[in-house]
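Working notes, beginning with the structure itself.
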Amino acid sequence: MRYSLVEILLGAIVLLTAIGFLTLGMQSINRQKDGYNISLIFGSTAGLKNGDDVKISGISVGKITKLELNLDDYNAKVNIIIDNKIKIPDDSSAKITSSSLLGGNFLDIIPGSSEQNLGPSDIIYDTTDPVSFTDMLGKVIFSGNRK
């Protein structure tokens, strides 16, 4: 079986392109910032997923690393990693916010005013569950029938 020069060159180009994409993918994985881990307790995570942003004042300061269900009280535990340069007061609160009307959520931390900061493995309990647009719409529609 004989291969033409065009087929060999085309195969080499495809192979080099695949290696380039693999290299880019590996570099983005290795860009994980060093930081400290904290947890947050929510009643519902409503579309959050691993890798979503953690923001303070609209600036990304960390990433969500793990979502898990607490089997004792059936609340959601969200584990995040925060950049070491960012110090979060221990009376801070958090909420899940939609980044656009089309979807995409992120975790928004609202810093408190305490002099004490959260450390590794601390937990934020002061959280606000996300409000579902469809739930609000249903309440508005069906509350109009009451007299």
In segment 43-81, the residues that are in contact (Cβ under 8 Å) with a residue 12 or more places away in the chain and among the acidic types (Asp, Glu):
Asp52, Asp53
I'd like to check something: does segment 100-123 contain any residue that is among the polar types (S, T, N, Q), within 17 Å of Lys49 (Cα to Cα), surrounded by fewer than 17 Cβ atoms within 10 Å (Cβ to Cβ) and without any contact (Cβ under 8 Å) to a residue 12 or more places away in the chain?
yes
Residue by residue through segment 76-94, note down the ones that are over 12 Å from the mean Cα position of the chain (by Cα) and either more than 16 Å from Ile59 (Cβ to Cβ) or surrounded by fewer than 21 Cβ atoms within 10 Å (Cβ to Cβ) (or both).
Ala76, Lys77, Asp83, Asn84, Lys85, Ile86, Lys87, Pro89, Asp90, Asp91, Ser92, Ser93
Restricted to segment 47-75 and to residues being among the polar types (S, T, N, Q) and assigned to a strand (DSSP E or B), the residue surrounded by the fewest Cβ atoms within 10 Å (Cβ to Cβ) is Ser60
Condition check: over 15 Å from Ile41 (Cα atoms) and out of contact with any Pro (no Cβ under 6 Å at 6 or more places or on another chain). Does Ser98 satisfy that?
yes
Based on this model, can you work out whether Ser98 counts as farther than 17 Å from Tyr36 by Cα and among the small types (Gly, Ala, Ser)?
yes
Can you tell me which of Leu71, Leu107 is among the aliphatic types (A, V, I, L, M) and out of contact with any strand residue (DSSP E or B) (no Cβ under 6 Å at 6 or more places or on another chain)?
Leu71
If you take the residues of segment 124-147 that are at pLDDT 85 or above and part of a loop (DSSP other than H, G, I, E, B), which of them is surrounded by the most Cβ atoms within 10 Å (Cβ to Cβ)?
Asp126
How about segment 76-89: which of its residues are more than 13 Å from Ser39 (Cβ to Cβ) and not in a strand (DSSP E or B)?
Asn84, Lys85, Ile86, Lys87
Pick out the one residue from Ser44, Ser39 that is in a strand (DSSP E or B), in the same structural domain as Gly119 (by TED's automatic domain parsing) and in contact with an Asp or Glu (Cβ under 8 Å, 6 or more places away or on another chain).
Ser39
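The values are calculated or read from the model by the stated rules, or taken from the named source; none is laboratory data. Here the structure is a predicted model, which means the values were calculated and not measured. FYI the Cβ positions are ideal-geometry reconstructions off the backbone, even for glycines, and counts take in every protein chain you see.
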